[in-house]
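The values are calculated or read from the model by the stated rules, or taken from the named source; none is laboratory data. Only a predicted model underlies this, so the values are computations on that prediction, with no experimental measurement involved. Cβ coordinates were reconstructed from backbone atoms using ideal geometry, including for glycine residues, and neighbour counts include every protein chain displayed. Remember, those area values only see protein heavy atoms, side chains included, never the ligands or the DNA or RNA. Shrake-Rupley method; radii C 1.70, N 1.55, O 1.52, S 1.80 Å.
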Amino acid sequence: MSKYKVNRKKRHCSYNKDCFLREGRSCVRYKCGLPCNTIQDVLHQRPNWIEVKDDGEWDFNWCDVGWLRENFDHTYMEEHVRINHFRNHYELTRKNLMVKNLKRYQKKLEREVGRIEASNCDFFPCTFALPSEYHLFVEEFNRSPGSTWIMKPVGKSQGKGIFLFRKLKDIIEWKKVRLCKELADGSRSEEQKDGVQVKSYVAQRYIENPYLINGRKFDLRVYVLVTSYVPLKAWLYRDGFARFSGTRFSLSSIDDKYMHLTNVSVQKTAPDYDHEKGCKWQMQQLRRYLTAKHGREVVETLFKEMDNIFVRSLQSVQKVIINDKHCFELYGYDILLDQDLKPWLIEVNASPSHMPSCQEDYEMKCRLLEDTLNVVDMEGRLTGKEKRVGGYDLMWNDGPVYREDANLQTYGSSGFTANTHLGCVNDREKQLRQLLKPFPCQRKA
């Protein structure tokens, strides 16, 4: 269990033959492959949910991608069963495949609709997959000498293996170092197990003009829940956070990881890191700050452009993701703002960290995960027509979902205002009380 406290009484619910959930089941049998994590706490406290160990039969599985890779194709799942990943989730969450799919989708839009529509996908930095696109990368690199680029391994997270460079010789030295390490190590990494070579990286043009607060760089972590790809059905969570670097930003030093990488896993290793306060702002705090500084209209435009990123990126993989009614996916989007308040998609995570950095972070992630379970609805308490469940707002349901107060005449043919409230008030408890029926074992006789 987590060392952080949940600000509510623990909800015990033992087996009761008079309590029935969806399809006559007396409980939800769950399996979780992430021990000592926030998700374990949330699952453990959910009424009528019982954990099964080892090879026990389960109705719900919150697994890691390693378990999925090894077991999904050999597992029979009944109608009601749910699992937290799509089979080939990596089409969106692998850095090289994400860019490949976005480029293909953008070309398709330009060919079928026109350049203006395709320009709505201009939200990811210039990126090349190495070594396969090395010569294309060199051509682009030579067009803008002195520019800063960033190298990232395609299948790693938490800032591992990332470095910045300005000279091609740094790439040559990197290739030599990587080869030596591989020969000396001789071990198979997660990337190799997935059929991706260790040397597969992406070279991406570095955003040299990030938006700064108090001189520090930050990025945004936003949560998007997809419950179906055919038709596409996606939910956006109201809460999220900004992750700050602990060092004031400067391009004079590109070797300082504490300056350029905002990952908490990197920042918490800094000598002056404050483990009590962490290095995050809640999304509501960031939205208030930006509104006070730039005005409501500018900030609403910014958040609308982020809505566009979420929807377009999902549409780019809609035809390649293997849709399965048993699957859902909670994505962690990483967005960077530049000084012009243009949002850039940096990457999408299939297993966003649920490990909290402080008490406030723990409580936010508990709310997120509880509401994820509410949307997945193993208990069968929803009608399927809801536009909001707790902190989640339905932003796409085989087409844009508009706000209740939307004026359709104000929308252009290529744009939309989604039913989203990222960084707005999250009065989820009140909304859930109005929306959800009580759990069966909580009903009064």
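Some notes on this structure:
- Cα gyration tensor shape of the stretch 248-396, rounded if a/c is under 1.5, else prolate or oblate by comparing a/b with b/c: prolate
- Surrounding net charge for ASP334, when Lys and Arg each add one and Asp and Glu each subtract one, Cβ distance under 10 Å: 0
- Charged side chains reduced to their Cβ positions (Lys and Arg at +1, Asp and Glu at -1) give the stretch 335-399 a dipole of some 200 debye around its Cα centre.
- Packing-based ranking of 134-142, 55-63 yields 55-63, 134-142, ordered from highest to lowest mean Cβ neighbour count within 10 Å.
- FRET efficiency for HIS294 and HIS326, using Cβ-Cβ distance with R0 set to 45 Å, rounded to 0.05: 0.55
- For MET355, the solvent-accessible surface computed with a 1.4 Å probe is close to 100 Å², ligands and nucleic acids excluded.
- Charge tally in the Cβ shell below 15 Å around TYR105, where Lys, Arg are +1 and Asp, Glu are -1, TYR105 excluded: +4
- Part-to-part distance (alpha-carbon centres) for the stretch 342-394 and the stretch 90-123, which is given in Å: 26 Å
- ARG143/SER228 FRET efficiency (R0 51 Å; Cβ-Cβ; nearest 0.05): 0.75
- Tensor-based shape of the stretch 312-384 (alpha-carbon gyration tensor, a/c under 1.5 rounded, otherwise prolate or oblate): oblate
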